[in-house]
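Written below as structure tokens is the structure these notes are about.
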Amino acid sequence: MVDVTEAAERGEADAQYLLGQIYSDGRHFSQDYVQAAHWYRKAAEQGNAEAQLSLSVLYSQGEGVPQDYNQAALWCRKAAEQGLAKAQHGLGWLYSEGKGVPQDYAQAVQWYRKAAAQGHALAQAGLGKLYFQGNGVSQEKIAGYALAMLPIVQNSAGNFTVTIQNFLLTLSNSMTSEEILAGQKLANQMRISGNLLKTLDEYLATSGAK
């Protein structure tokens, strides 16, 4: 731990991020969100995307810093623009909920798409929800169901498996059996193709949705 602390104090961004994690998790030191925010900020200001996202989370939760969704959105965007899928999903969620940014479903769709293409399970489900409800896009229940199901058929939902399964059950309650089967088929096509967005856009073009 001495080595990490010394490296962080020398200004090494990776070490600063790691030290922030250590304080946040309460490993080796007593849990201290103020110190976590301090070291995350130092790394974030040097462009470390993971630190930018971690600082965003602290602002959204009000841990170690005053709760401030504007700051949460600012730092989340910086990480998302570097291509970090977790941050892209987070920014999509902020736009969907209107927290720290004006509610904008079209922007939520764009950021969810970026994260979903990288295999982020919650972004895939979130994008599915927007298509299913017709928020920011033309309503397309089959595509929405397929997107939400994709993490299940890819076995990539991890700790969110039960949450996504329950979400799918909720969606299926307002679908016909034919629509459910079509959604399952499309989810498998997305999995097999290995190119979620291409398969989705080709389906939408044939269905007339956008």
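Here are a few things to note about the model shown:
- The chain: most fluctuating residue of LEU127, LEU147, LEU181 per GNM, C-alpha cutoff 10 Å: LEU181
- With N as its number of residues, region 45-122 has a Cα radius of gyration that, divided by 2.2 N^0.38 Å, comes to 1.00.
- Given +1 at the Cβ of Lys and Arg, -1 at the Cβ of Asp and Glu and no other charges, the dipole of the chain around its Cα centre is 600 debye to the nearest 20.
- Within the listed set SER60, SER156, SER30, the Gaussian network model of the chain (springs between alpha-carbon atoms below 10 Å) gives the highest mean-square fluctuation for SER30.
- Across region 1-82, the volume of the C-alpha convex hull divided among the residues equals 67 Å³ per residue.
- Result for the chain in a Gaussian network model with C-alpha springs under 10 Å: among GLU178, GLU140, GLU81, the largest mean-square fluctuation is at GLU178.
- For region 84-210, the relative contact order is 20 percent, taking Cα pairs closer than 8 Å that sit 6 or more residues apart in sequence and dividing their mean separation by the residue count.
- Rg/Rh for region 110-193, where both radii come from Cα atoms and Rh is the Kirkwood radius: 0.93
- Unit charges at the beta carbon, dipole of region 84-210: most positive-side option, GLY98, ALA205, LEU168: GLY98
- Computed from the C-alpha gyration tensor, the three semi-axes of the ellipsoid equivalent to the chain are 37, 17, 15 Å, from longest to shortest.
- Note on the chain: Lys pairs 8 or more places apart or on different chains, Cα atoms under 23 Å apart, count 26.
- Low-density loop cleavage sites - trypsin sites (Lys or Arg not before Pro) in region 1-88, where at most 14 other Cβ are within 10 Å (DSSP): ARG10, ARG27
Here, each number is a calculation from the coordinates, and none is a lab measurement. Remember, it's a predicted structure, so these values are computed and weren't measured experimentally. Note that each Cβ is placed from the backbone with ideal geometry, even for glycine, and that neighbours are counted across all protein chains shown.
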